[in-house]
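Undergrad: Have a look at this one.
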Amino acid sequence: MTAVALSRGPARVLRIEIRRSVVLWSVPLLLGLFYFDAFRTAAGLPPVWTVRSSAITTHMIADFGPFAAGLAAWVASREGRRKTGDLLATTVRPAWARQASALGATLFWLLLTFLAGVAALYIDVARQATWGGPPLWPVAVGVVEVATFAVIGFTAGALFPGRFTAPLAAIGTFLLAEIGYHAALGVQPGTSTYALLSPSTAVPLGDDGVFYHVAPDLAIAQVMFMGGITIALLGLLTLAPVFRLSYREFWSGVSRVGRWLCVAGVALLAAGVAASWTAFALTGTARLGVSGWIIPALHDAASDQPVPYTPDCAGTSFKVCVHPAFSAYLDAANMALQPVAAEIAGLPGAPVRAGQVASGNGVRNAQGMRIAGLATAGLSGTPPVYTYTSDNPTAPFWGSPGIADTAFWGAGFQQELLTPFITGSNNTLLEGNVPTPAQQAVVTALTTALSPQAQLSQGFINGQSPGRIAAAAERFASLSPATRHAWLATHLPALRAGTITLDQLP
Amino acid sequence: MNIELSDITRKFSRNVAVDGVTLDAGPGVLGLLGPNGAGKTSLLRMLATILPPSSGQLTLLGRDPRKPADRREIRRRLGYLPQSLGYYPSFTVVEFIEYFALLKEVPPHLVPKAVAAAVEKVDLGPRAKSKLRTLSGGMLRRVGIAQAIVNEPQLALFDEPTAGLDPEQRVAFRALIRDLGQTATVIVSTHLVEDVGAACSEVALMSDGKVVFRGTPQELTARGEAGQGVGDAPLERGYSAILSAARAAS
């Protein structure tokens, strides 16, 4: 047979397998799961490439993985279930080649469906995103992860052919994914390496990949780890006919399977274990940096540099600016902050501009985790500039732009600006300074006056009953804007110094 | 000789399924007869290179099946129909036969023609595009026969090939294996002595793992007329006479 004929034969076997693959029947179910889980979840997130692409690793893998394992186990076990073993044993092509075709067809449909889902997700993001481009590492992690789940199921089906293997493989891999997901939820430095290797760990903060590139280090390690498992299992599948023999038949079994094939199987097994072990060891050295998890041996320092951008701004005397990736929120942010700026204009320390900065921006808590939002939200500089992040606690860009139209969202944003302005503290929560009752009352009063329909929480109660603060706030809010402004112009230094009591408020 | 067996034995734990069989066969149709548990299927599986013998020398198509390269060559020219045909219900008739043709490394450009010829030989043309799950037991048997002959084998092994076939199809199958036996070695393991009488040029009768008779169907008939055989047909009487003698001797 010529080389061309030899290559055409397997291609035609693969074509038959693809045409008759059981996975084809499951495609509508997988697409339905994708739409109702991953796609809709992503649609509720900000239209930022890195943020929405997190649905690939957090939702799509969980949707596809167990099905991939179960379907692959069902395909692999068919020779045992359908009792075609004797018939197939008399054919020329070795078992591994036959299984490769069946696995290839299974992967073809699974990955095609997976990539179709990714394409739908990315097309939707492309229609809404205002900056950046599609990240490819989550896709690579997802593809490798789905392939690994399929190969795990296929190996189980080939080694233990039976009608219960498929559901057991699906349940087993589902639990495996859930354990990884939950481990990843609490991931922090010093946590288990398995948690870092779980693709769910790639869930970014609201603006990861916006101000700084997302370091691909962890994704590389995850691909290496899962790819290693896949390669090792393929080696195991190659050697499976030898393992089924008793020890007395071992050497004759090696001879029957083919010495070179056994060598190839052992080599695959060793290479896979080595790749996974290396990835595991590398992940053990991971630490957090500005661009996410950094693995020193894989890290490119260039990715730590800020990504250049030109902010989108609105307003004239008081400019409200957002990163272009968050342009969808600009109007809402401007609408929320302009009334505050007008209310406090001319007062000492009043900001002249509001600008978005990176979340966390390198600030860590005691456990070494990045502190989202709090670190850089506040007033600073001369003239003062109000800086906020995409995930400020009460005014997050952490949801679809539609939520920015709500009164509560706007009031929260206003309160975020007013609190450091009235207290004179750059960042109240981070510095541990709880506002005095009078400061709380003034912040609440101004916010209520600007957004009367919003129900604000009393977040800083400090030895005073909420009722007294609310009463003082109501009293202050009922004053005319000019009266409030005049009182603040006179008493703001004393209010900031904490010498004004609730009773002294007009 | 296409088949040369010398003192072949196959054991499963303590059970001896095939016990020191020596046999050779060239082109023609050899009927393999014997009661249940005589070792016919085990012998056929060894000839099909599925089972290695526990001891003895086996040469198929002039090659040693213990060597991987030789085994591949033997399988390229081997057709096998097992007693119980496993199949994939979602495959069509043509796809199933094509699948096996490709696994037997029939040159891809010859596969469509070979598949069409095999389908026609077993008279499944009208059902060629039917899914296997929709076929009757007899039709499935014919699909099994088609996959066994799709590579124009030089060694064809059929285990109970006519089970489930209607009389018309059995007659057609006998004609098919007679035709195949012109150039290839065909071994048919069966309980149905009329198949042997109608289609086989030679007969081997197995009992307790041993070949206790080797000859033509006419010689088998003659043994029945001379001995103590029972049965409705002359071949059946020959069959039972030889079995009785073998059991008495052991």
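None of the figures in this text is laboratory data; all of them are computed from the coordinates on show. Keep in mind that this is a model prediction, so the values were computed, not measured. Backbone-built Cβ (ideal geometry, glycine too); neighbour counts: all protein chains shown.
Undergrad: Could you compute the net charge surrounding A:Thr50? Neighbours are other residues with a C-beta less than 10 Å from the C-beta of A:Thr50; K and R count +1, D and E count -1.
TA: That works out to -1.
Undergrad: Can you compute the equivalent ellipsoid semi-axes for the range B:1-118, i.e. the square root of 5 times each eigenvalue of the Cα gyration tensor, sorted largest first and rounded to whole Å?
TA: 28, 17, 13
Undergrad: Helix-derived [θ] at 222 nm for the protein assembly as shown: sum -39500 (n - 2.57) over DSSP H runs of at least 4, divide by residue count, nearest 500?
TA: -16000 deg cm²/dmol
Undergrad: Could you point to the residue in B:Ser54, A:Val307, A:His485 farthest towards the positive end of the protein assembly as shown's charge dipole, with +1 and -1 charges on the Cβ of Lys/Arg and Asp/Glu respectively?
TA: Of the listed residues, the answer is B:Ser54.
Undergrad: Hey, another quick one. Quick check: pseudo-label points 7 Å beyond the Cα along Cα→Cβ at B:Lys131 and A:Thr310, how many nm apart are they?
TA: 6.0 nm
Undergrad: To the nearest whole number, what is the average tally of beta carbon atoms from other chains within 10 Å of the beta carbons of peptide A:71-79?
TA: Mean inter-chain Cβ contacts per residue within 10 Å come to 1.
Undergrad: Under the 0.36 nm per residue contour assumption, what length would be gained going from the current alpha-carbon distance of A:Phe164 and A:Trp260 to full extension?
TA: Full extension of this stretch gives 31.2 nm more.
Undergrad: If you count, for every residue in A:92-102, the Cβ atoms of partner chains within 10 Å of its Cβ, what is the mean?
TA: That works out to 3 on average.
Undergrad: With r as the distance between the Cβ atoms of A:Met335 and A:Thr41 and R0 = 30 Å, compute the FRET efficiency 1/(1 + (r/R0)^6) and round to 0.05.
TA: In this case the efficiency is close to 0.65.
Undergrad: Along the charge dipole of the protein assembly as shown, pointing to its positive end and built from +1/-1 on Cβ of Lys, Arg, Asp and Glu, which listed residue (A:Met226, B:Leu205, A:Thr278) has its Cα farthest out?
TA: The listed residue farthest towards the positive side: B:Leu205.
Undergrad: How high is the FRET efficiency from A:Phe408 to A:Glu474, r the C-beta distance, R0 25 Å, rounded to 0.05?
TA: E(calc), rounded to 0.05, equals 0.85.
Undergrad: A further question on this structure: Pop the C-beta distance of A:Ala345 and A:Thr130 into the FRET formula with R0 = 25 Å and round what comes out to the nearest 0.05.
TA: Efficiency, rounded to the nearest 0.05: 0.25.
Undergrad: In addition: Where Lys and Arg each count +1 and Asp and Glu each count -1, what net charge lies around B:Ser90 among other residues with Cβ under 11 Å from its Cβ?
TA: That works out to +4.
Undergrad: Considering every residue in B:103-115, what mean count of other chain Cβ atoms within 10 Å of its Cβ is obtained?
TA: 4
Undergrad: With +1 on each Lys and Arg Cβ and -1 on each Asp and Glu Cβ, and nothing else charged, work out how big the dipole of the range A:10-304 is about its Cα centre, in Debye to the nearest 20.
TA: 1500 debye
Undergrad: Label points 7 Å out from Cα along the Cβ direction at B:Met1 and B:Asp123: separation in nm?
TA: The two pseudo-label positions are separated by 3.7 nm.
Undergrad: Let me check the size of the protein assembly as shown from its C-alpha atoms; what are the radius of gyration and Dmax in Å?
TA: Computed over the Cα atoms of the protein assembly as shown, radius of gyration and Dmax are 39.1, 136 Å.
Undergrad: Calculate the spin-label point distance for A:Leu88 paired with A:Thr499, positioning each point 7 Å from the Cα along the beta-carbon direction, and give it in nanometres.
TA: Label-label distance for A:Thr499 and A:Leu88, simple model: 8.9 nm.
Undergrad: I need the peptides A:299-309, B:179-189 ranked by packing, meaning the mean over residues of other C-beta atoms within 10 angstrom, with the highest value on top.
TA: Peptide ranking by packing, descending: B:179-189, A:299-309.
Undergrad: Still on this structure, please answer the following. Treating only the Cβ of Lys, Arg, Asp and Glu as charged (+1, +1, -1, -1), what charge dipole size does the protein assembly as shown show about its Cα centre? Round to the nearest 20 debye.
TA: Using Cβ point charges on Lys, Arg, Asp and Glu, the protein assembly as shown gives about 1660 debye.
Undergrad: Further, regarding this structure: Students often get this wrong: which residues of the range A:283-323 have the backbone nitrogen under 12 Å from the point 7 angstrom along Cα-to-C-beta of A:Val352?
TA: Answer for this model: A:317-319.
Undergrad: In the structure displayed, which of A:Lys83/B:Lys40; B:Lys40/B:Lys121; B:Lys40/B:Lys104; B:Lys104/B:Lys210 lie more than 22 Å apart, Cα to Cα?
TA: B:Lys40/B:Lys121; B:Lys40/B:Lys104; B:Lys104/B:Lys210
Undergrad: So which cysteines of the protein assembly as shown have no other cysteine's Cβ under 4.7 Å from theirs?
TA: Cysteines lacking a close Cβ partner in the protein assembly as shown: A:Cys262, B:Cys200.
Undergrad: By the scheme Lys and Arg +1, Asp and Glu -1, what is the net charge of all other residues having a beta-carbon under 15 Å from that of B:Ile149?
TA: After counting each charged neighbour, the total is +4.
Undergrad: For the peptides B:41-52, A:79-90, what is the packing order when you average, over each peptide's residues, the other Cβ atoms within 10 Å and list the highest mean first?
TA: B:41-52, A:79-90
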